[in-house]
1. Give me, ordered by chain and number, the residues 5 or more places off N77 or on other chains with an amide H under 5 Å from its own placed amide H.
2. Spelling out what I want: for every residue of region 66-73, take phi, set θ = phi - 60°, compute 6.51 cos²θ - 1.76 cosθ + 1.60 (Karplus), and round to whole Hz; glycine and proline get x.
3. Could you run the Karplus curve 6.51 cos²θ - 1.76 cosθ + 1.60 with θ = phi - 60° over region 35-48 and give me ³J(HN,Hα) per residue in whole Hz, x for Gly and Pro?
4. Test of understanding: what is the full-extension gain from E111 to R151, defined as 0.36 nm times their sequence separation minus their Cα-Cα distance?
5. Using only alpha carbon pairs under 8 Å that are at least six residues apart, calculate the relative contact order of region 9-160 and give it in whole percent.
6. Using 15 Å as the cut-off for backbone N distance, which residues of region 45-82 belong to the label zone defined by a point 7 Å from the Cα of A175 along Cα→Cβ?
Amino acid sequence: MMDRTLKAFSLILSYPTPELQRAMPEIGGVLVADSRITAAGRRALRPLLETLSIGDIYTLQETYVALFDRSRTLSLNLFEHVHGESRDRGGAMVSLVEMYRDAGYEPATSELPDHLPVLLEFLATRPFAEAQDTLADAAHILEALNARLVRRESGYGAVFAALLQLSGAKADKAAVAELLEEPEVDPDDLEALDKVWEETEVRFGPDPNAGCPQVRDMLSRMETPITPEPASHAAE
């Protein structure tokens with residue numbers, strides 16, 4: 001059974017399109033009706049839901065790119081925050097791809113497998129207890145992203161706060177502080193952005209278990225095959 005809330009968050013965190021805008025009334029209805037999110041959390045989502053519903057699509061796309069594509073500290077690729085561009089990230093990525101395939105899931109996207117919207121769409125097909133465990137493993141990343149987005153007065157922060165609520169976990173303060181130590185770069189400063197991204201390329205080692213133990217433990221909890229379902233652009 002599809003978890004419509006996780007699917008809705010997957011769509012909201014995807015690149016804005018006219019199709020997404022047309023689906024926003026249904027997506028918003030799913031989120032405001034989910035009692036797993038506190039009333040305050042649901043209220044906090046409303047400004048973003050309204051903006052995505054009626055905002056100028058080009059402005060929405062420009063904002064999205066500036067936030068998530070041009071700012072490494074706000075990257076939606078989760079392993080970026082754990083491994084950067086190191087070899088460990090390559091091993092963890094291979095493990096994640098294998099986990100998807102073992103579950104019968106083949107993402108219909110060109111995004112990397114650790115891209116949060118991709119992971120959320122996958123988790124939407126899993127029993128909630130398993131999805132919750134995975135979100136809990138990423139709690140410190142979710143909290144750090146929330147803090148950075150709140151600092152920028154972005155409505156997207158409410159999404160990460162809600163995901164943290166769904167995880168049922170409290171983020172480790174030391175881990176969050178460590179992530180927040182990385183300085184933010186002005187997305188309009190192209191020279192500074194180039195320097196930030198000048199790191200070792202991702203290398204996929206021959207051993208699919210080359211990723212860190214925490215990632216392997218996270219993935220090992222999801223072993224029950226599921227019926228493949230292609231990615232879509234509307235809430236199920």
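1. When sequence neighbours closer than 5 places are left aside, the close amide H contacts are L116.
2. Here the 3J(HN,Hα) series is 5, 6, 9, 9, 10, 10, 4, 6 Hz.
3. Per residue, the Karplus-derived 3J(HN,Hα) values read 6, 5, 9, 4, 4, 5, x, 5, 5, 5, 6, 4, x, 5 Hz.
4. 11.7 nm
5. In percent, rounded to a whole number, it is 27.
6. 78-82
Every number here is computed from the coordinates shown, using simple stated rules; none is lab data. Bear in mind that the values here come from a model prediction, so they are computed numbers and not experimental data. For neighbour counting, all protein chains shown are included, and Cβ atoms are generated from backbone atoms with ideal geometry for every residue, glycine included.
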